[in-house]
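Chemist: Right, I'll just put the structure down here and ask away after.
The values are calculated or read from the model by the stated rules, or taken from the named source; none is laboratory data. The structure displayed is predicted, hence computed values, not measured ones. Cβ coordinates were reconstructed from backbone atoms using ideal geometry, including for glycine residues, and neighbour counts include every protein chain displayed.
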Amino acid sequence: MRKLITNDETNCTGCNRCMRACPAPGANISYEEDGAVKVRIDNQRCVVCGSCIAACKHGCRDYEDDTERFIQDLRDGVEISVFSAPAVRTQKENDPDYGGRVLTWLKNIGVKKVYDVSMGADICTWGYIRYIQKHKTKAMITQPCPAIVNYILIHKPELMRFLSPVQSPMLCTAIYMKKYCGVHDKIAAISPCIAKAHEFETAGYVHYNVTMKRLFEYIDNHNITLPTQSSSFDHPESELGRLFPMPGGLKENVEFYLGKVLRIDQSEGPAVVYEDLDEYARQKESDLPTVFDVLNCREGCNIGTGCVHRNRNRFEAAATMAKQKKIVVDADGEEQTKRVYAEYDKTLHLDDFIRRYTPIHTGLAIVNETQIEKAFLLLGKDDEEKRHVDCSACGCDTCYDMARQIARGINIPKNCVYKSRLDISKSHDMLLDIQHDSVKDIKLLLNDMTEIKGHSDDIVELIVNITAAIDQYTKMSRDIDFISSNINIIAVNASIEAARAGLHGKSFAIIADEVRSLAGKSQKTVAQTSEISDHAVKSVTSINEKITTISDEIARAYDEITRVYNNIKQIANE
């Protein structure tokens, strides 16, 4: 089927509003991209109910129709006639003639004929009544709403046998134009519904689905000035068919003609109608109504998915229905309707307005309980209490539905709030364990640093002692040098005196020389010792500076580790 709903995934936040609103299983697929949860559309499973467009708050969802192509083809000279839903006249609340002036503008730019879908609704109601009378139908689901038909063909094919074979009012109008009015132009629908494009694609009579919202936007965006004259339709006014697009409209039409001889139940709005269809499928056929009148939009087609204003309430819609009904009744409506139906009996062939249905197979995986059990375990849900949280945050009604979607590959465990909380709790517990281990490790490190700091302080003290000893040794060397110098002077003096004594001082001179030699050696040794001492002092001084630097660094590291230890300990305690 043609892709109608668009999705800008760049804006998607993974809020799951679209998934919660969507009635079609598997039409929205959750996935992970760069760590973020996002949702994309499977257009083969989408029923085009429009719920996701209304639900999305981030501008991700929108739709496509044929407005641009329709206008361009008109300007290019393509011969086109249109039919318009009656809602075209009610879209501008402050300008009741706006829809009529739009029709005038369309004629001015090339539209040949304009028909009212209300006439097709009259034909459709005639077809329902005659089909039920002819075939003694006991249970039937109405099909004017293509989103409903899509849902049954794609997701509930077992209900296909109950679908009314009578075409929708729009298709009845198109068939009437083609087969009974001799219209050979291409046909465009001025439509309140996005999903009508699928119905037209299947039937083949209608070439353009031009939604009112897009058509009016085109007029506004292109600054088009509409004519002042309002156009009417190119055929006589319809009967009660103008009520058809409202909630209970078909019921009003049938009962107006037959009275309350048939049981006609109705259901409208995506929040309930699809659940009602699911329930319909589970009922005994004897408990089903003769006609189940169902619409996707809560207030009917007049506030459809492709309309401008979708905020009208049920009371406004009911008031409109009552006003339209009064117009028909006041105009001798019952007798006129009977005359119209009698004319249809003469001129129309019911078979021309009958359609056939073919189920649409989308390949949605069928999963068993074993696969669902595995999905539950992936979610961390290993008991019944955990499997019935049913918060719907993931976009599913129940945890079981979520597990089934995961098993089918159309949702992901990360999309489960319970699992996310469980993962956060596990991560938190893991962090606490790491913190406790870190406290222990830092405490050990702190003890080691205390020991190292003690040893460092001891080394500094020893270096100080060595420095003091070297200083003392240097002082002693200077004293020895001083003594050696004096002894050398004495020895020199002794040698002089020995020389004066002549032969008698010769022995004394020898001793004086030995003393002077010893004094010289002492001075030389002191000189060498002094040099070594200076080198040692420089080395010790350098070592002392480095040890002092290391000691300061150790002290700073000790203070920092102590601070970190206290902080982690406080966090762990909290």
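Chemist: Among Tyr176, Tyr205, which is more than 26 Å from Ala281 (Cβ to Cβ), among the aromatic types (Phe, Trp, Tyr), touching a residue at least 40 places away in the same chain (Cβ under 8 Å) and in the same structural domain as Ala281 (by TED's automatic domain parsing)?
Modeler: Tyr176
Chemist: Could I ask something else about it? Note down all Cβ pairs under 6 Å where the first residue falls in region 61-74 and is under 17 Å from Lys107 (Cα atoms), the second is charged (D, E, K, R) and buried (at least 20 other Cβ atoms within 10 Å of the Cβ), and they're at least six residues apart or on different chains.
Modeler: Sorted first by the residue in region 61-74, then by its partner, the pairs are Thr67/Arg214.
Chemist: Here is a follow-up. When residues of region 107-133 are filtered for being assigned to a helix (DSSP H, G or I) and touching a residue at least 24 places away in the same chain (Cβ under 8 Å), how many remain?
Modeler: Counting residues in region 107-133 that are assigned to a helix (DSSP H, G or I) and touching a residue at least 24 places away in the same chain (Cβ under 8 Å) gives 18.
Chemist: Looking at Asp397, Asp429, Asp433, Asp401, which is the one that is under 43 Å from the mean Cα position of the chain (by Cα) and surrounded by 14 or more Cβ atoms within 10 Å (Cβ to Cβ)?
Modeler: Asp401
Chemist: Being more than 15 Å from Tyr151 (Cα to Cα) and in a loop (DSSP other than H, G, I, E, B) is the filter here, so list the residues in region 254-273 that pass it.
Modeler: Scanning region 254-273 gives Gly259, Lys260, Val261, Leu262, Arg263.
Chemist: On the basis of being assigned by TED's automatic domain parsing to the domain that holds Arg130, in a helix (DSSP H, G or I) and touching a strand residue (DSSP E or B) at 6+ places or on another chain (Cβ under 7 Å), does Met160 make the cut?
Modeler: No: the conditions fail for Met160.
Chemist: Further, regarding this structure: Run down Phe200, Phe216 and say which single residue is farther than 30 Å from Asp42 by Cβ, assigned to a helix (DSSP H, G or I) and not assigned by TED's automatic domain parsing to the domain that holds Cys49.
Modeler: Phe216
Chemist: Could you name every one of the helices (runs of 4 or more DSSP H) located completely within region 1-90 that has at least 2 residues being under 14 Å from the mean Cα position of the chain (by Cα)?
Modeler: 17-21, 51-55
Chemist: When you check Gly502 against the structure, is it over 30 Å from Thr562 (Cβ atoms), modelled with pLDDT under 75 and exposed (fewer than 11 other Cβ atoms within 10 Å of the Cβ), yes or no?
Modeler: Yes; evaluated as a whole, the condition is true for this residue.
Chemist: Just checking, which of Ile303, Ile366, Ile372, Ile327 is modelled with pLDDT of 90 or more and either touching a helix residue (DSSP H, G or I) at 6+ places or on another chain (Cβ under 9 Å) or polar (S, T, N, Q) (or both)?
Modeler: Within the list Ile303, Ile366, Ile372, Ile327, the selection yields Ile372.
Chemist: Could you check region 223-254 and list, in sequence order, the residues that are modelled with pLDDT of 75 or more, within 18 Å of Leu288 (Cα to Cα) and of a type outside the set (Val, Ile, Thr)?
Modeler: Within region 223-254, Leu250, Lys251 qualify.
Chemist: Any idea which of Glu32, Glu9, Glu79, Glu64 is acidic (Asp, Glu), within 30 Å of Tyr205 (Cα to Cα) and out of contact with any Ser or Thr (no Cβ under 9 Å at 6 or more places or on another chain)?
Modeler: Glu79
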